[in-house]
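To start, the structure under review is shown below, and the notes come after it.
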Amino acid sequence: METWCDESWQLILSDVELLPDASIAFWWRDDDASEKTDQLEALTKVAEEFRFEVALATVPERLQSSLIQYVKEHPLLVVCQHGYRHENYEKGLGKGFAAELGDARDPKVVLKDLAEGKAIIEEEFAESFIPILVPPWNRIHEEIIPSLEGLGYVGLSTFGQQSQKRGELSIVDCHMDILKWKPTVHFRGAKKCLRDFREVLRERLDSGRFDSPIGILTHHLDHTDDANSFLRAFFSHLLKTKKFRYLTIREVFSKL
Ligand SMILES: [Zn+2]
């Protein structure tokens with residue numbers, strides 16, 4: 001799969017040409033962490049090359065001590081909470097989609113799980129944990145959201161267009177998923193990734209919401225070398241233009 005597409009990049013460059021430097025903010029989230037793996041090490045190398053923080057969405061029930069130690073040694077990895085056990089409770093209900101935090105269970109039961117998961121991660125990661133909830137499969141039942149603030153979450157992140165504040169809860173989504181999931185998971189290719197990125201960028205240009213950061217979504221466990229090569233090429237091109245500005249995870253969720 002091609003790891004760069006200059007033609008697509010030129011289109012992006014022409015979109016941002018007239019903008020002042022550092023106009024468009026972006027951030028990085030990576031899902032499904034639970035232990036130290038070769039794939040996580042490969043992703044961390046990319047983060048360290050560019051000195052970008054990664055919000056590592058971590059599954060509390062699957063947490064292994066190797067990840068706790070690894071995060072301690074790699075300050076660019078910041079931990080947030082990825083559901084509780086990453087289980088699909090919609091299975092067999094004929095809905096055609098997967099969710100752990102959907103409406104298949106009573107919201108009270110879901111919230112109890114979340115609180116338990118949060119306690120685990122909070123205790124193990126201390127300051128490396130930022131209380132942001134990343135719902136597995138990017139789905140959360142609307143009725144659960146108003147209770148998140150009471151559980152101590154400052155942020156919620158799914159996939160789409162959202163960037164808003166609900167009470168004190170900042171909702172900041174991701175927009176460019178570098179993987180394609182069906183029929184089997186693989187790197188999407190540079191052209192498609194850049195097309196998605198440009199789509200969000202154009203929305204920002206049209207709406208003038210430059211401050212609403214564009215989220216890059218990765219899943220280190222499913223990356224092959226071409227996915228990581230694309231990330232390297234993408235980040236270095238973003239930095240070269242000077243039109244884009246990287247935000248730390250705390251900046252992303254305190255900015256709204
Ligand atoms: Zn996940």
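No value in this document is a laboratory result; all are computed from the given coordinates. Computed from a prediction, not measured in an experiment: that's the story for all the values here. Positions of Cβ are generated from backbone atoms using ideal geometry, with glycine treated the same way; all protein chains shown enter the neighbour counts.
Which percentage, to the nearest 5, of the DSSP beta bridges contained in the chain is antiparallel? Can you show the working numbers first?
Working: 6 of 33 bridges.
Expressed as a percentage, antiparallel bridges in the chain total about 20.
Output the pairs from 72/118; 91/182; 95/192; 118/180 with a Cα-Cα distance over 20 Å in this structure; if there are none, say none.
In this structure, 95/192; 118/180 lie more than 20 Å apart at Cα.
In debye to the nearest 20, how big a dipole does the chain give about its Cα centre with +1 on each Lys and Arg Cβ and -1 on each Asp and Glu Cβ? Mind showing how you got there, number by number?
Details: 33 positive and 43 negative charges, 109 e Å.
The dipole of the chain has a size of about 520 debye.
Would you give the gap between the C-alpha center of the range 148-218 and the C-alpha center of the range 12-40, rounded to a whole Å?
Going from one Cα centre to the other spans 10 Å.
Would you mind getting the Kirkwood hydrodynamic radius of the chain from its Cα pairs, rounded to one decimal in Å?
18.7 Å
Can you tell me the dipole magnitude for the range 20-146 around its Cα centre, using point charges on the Cβ only (Lys, Arg +1; Asp, Glu -1), in Debye to the nearest 20?
The dipole magnitude comes to about 280 debye.
Can you tell me the mean projection area, over all orientations, of the convex hull of the range 1-136's alpha carbons? Units nm², please.
Taking a quarter of the hull surface, the average projection is 11.6 nm².
Quick check on the range 61-185: what are the equivalent-ellipsoid semi-axes from the Cα gyration tensor, as sqrt(5λ), descending, whole Å?
The answer is 23, 18, 16 Å, longest axis first.
Charges on Cβ only, +1 for Lys and Arg, -1 for Asp and Glu, centred on the Cα centroid of the range 6-254; of 190, 59, 151, which one is farthest towards the dipole's positive end?
Looking along the dipole axis, the top candidate is 190.
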